[in-house]
Amino acid sequence: MMKTLITATAFTVIAVAAPVLQAQVRVVESQPLGNNQSANSGDAQGASNMQAELFYQFQALQQEVLELRGLVEEQAHEIQRLKQQRMDDYLDLDRRIGELSRSGGGNPGASLGSGSSGESGETGDRVSETQMYRDAYQLLRDREIEQSIEAFNAYLDAYPQGNFAGNSHYWLGEIYLLNEDLDAAQEWFEKLLREFPDDRKRADAQYKLGRVYHQQGDEQRAQQLLQDVASGTSDAARLARQYLQDNFQ
């Protein structure tokens, strides 16, 4: 009977303690090892793809920069070519006008000259003046710009009212305009109009001065001067009418 009582008591203790032990045991669910490896592999693959995409974009940007740089260089070259072409056109026009003057029986000074009232002098002085202007003009045609500027200024120092003074003022203004030195261009064109009002280059100088004013932002003076030129019949008048149509309509 004693043995039966001990056994019953032991079962009772176990029954009472079982819930307590079960509450204290922490159940941890395990995951298959293969799933963790798959997740890590996916993260690595994603990072690798992102790096590849970034590298591709970087290469594409590098190529685009190179193409843009080439385009800029090409445009700069084209602008320089157009500037030179404009200068060549002006020089060719002036040459053809000189040839027409010579075929009409004008004297050597008038064939290249500006129509300004020149100082009378002996034949030797007149030949020297003509040659001095020819040399300056030839330097311009040869695209020796700096030397041409010096030569035109030297001519004006020697013959401030000479047969080619108006032309010299005009070409100096033209050189500075093409070089985008607007203040210097304005000075030479204004001086031509002020000191040589009857010069055959007057209309051309007015047209160019109107363009200078416009580029400087003085639209009122530009429009007024261009309208004055446009009312004439010269080649400059046609250019002025076109410029007004393009910029003041």
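The values are calculated or read from the model by the stated rules, or taken from the named source; none is laboratory data. None of these values were measured; they are calculated from a predicted model. Neighbour counts run over all protein chains shown; Cβ positions are idealised from the backbone, glycine included. Keep in mind that these areas ignore ligands, DNA and RNA; they rest on the heavy atoms of the full protein, side chains included. Shrake-Rupley method; radii C 1.70, N 1.55, O 1.52, S 1.80 Å.
Restricting the stretch 156-184 to residues that are free of Cβ contacts under 8 Å to residues at least 24 places away in the same chain and over 29 Å from the mean Cα position of the chain (by Cα), which is surrounded by the most Cβ atoms within 10 Å (Cβ to Cβ)? In this case the residue turns out to be 156. When the criteria are applied in full, residue 133 fails the requirement of being within 25 Å of the chain's Cα centre (by Cα), buried (at least 20 other Cβ atoms within 10 Å of the Cβ) and in contact (Cβ under 8 Å) with a residue 12 or more places away in the chain. Going by what's in this entry, would residue 146 be described as within 22 Å of residue 212 (Cβ to Cβ), in a helix (DSSP H, G or I), open to solvent by 40 Å² or more (accessible area, probe 1.4 Å) and of a type outside the set (Val, Ile, Thr)? Yes. Of the residues screened, residue 215 is not one that is of a type in the set (S, T, N, Q), open to solvent by less than 40 Å² (accessible area, probe 1.4 Å), touching a helix residue (DSSP H, G or I) at 6+ places or on another chain (Cβ under 9 Å) and within 20 Å of residue 175 (Cα to Cα).
Condition (residue is of a type in the set (Ser, Thr, Tyr) and at pLDDT 95 or above) applied to the stretch 123-131: is it met by at least one residue? No: zero hits. One residue stands out in the stretch 185-197 among those that are without any contact (Cβ under 8 Å) to a residue 40 or more places away in the chain and of a type in the set (Phe, Trp, Tyr): the one that is farthest from residue 225 (Cα to Cα), namely 188. Cβ-Cβ contacts under 9 Å between residues 6 or more apart (or on different chains), taken from a first residue in the stretch 232-248 that is open to solvent by less than 50 Å² (accessible area, probe 1.4 Å) to a second residue that is in a helix (DSSP H, G or I) and of a type in the set (Asp, Glu), are listed as 234/204; 236/204; 240/228; 248/219. Among the residues of the stretch 185-201, at least one is of a type in the set (A, V, I, L, M, F, W, C), assigned to a loop (DSSP other than H, G, I, E, B), under 12 Å from residue 169 (Cα atoms) and open to solvent by less than 20 Å² (accessible area, probe 1.4 Å).
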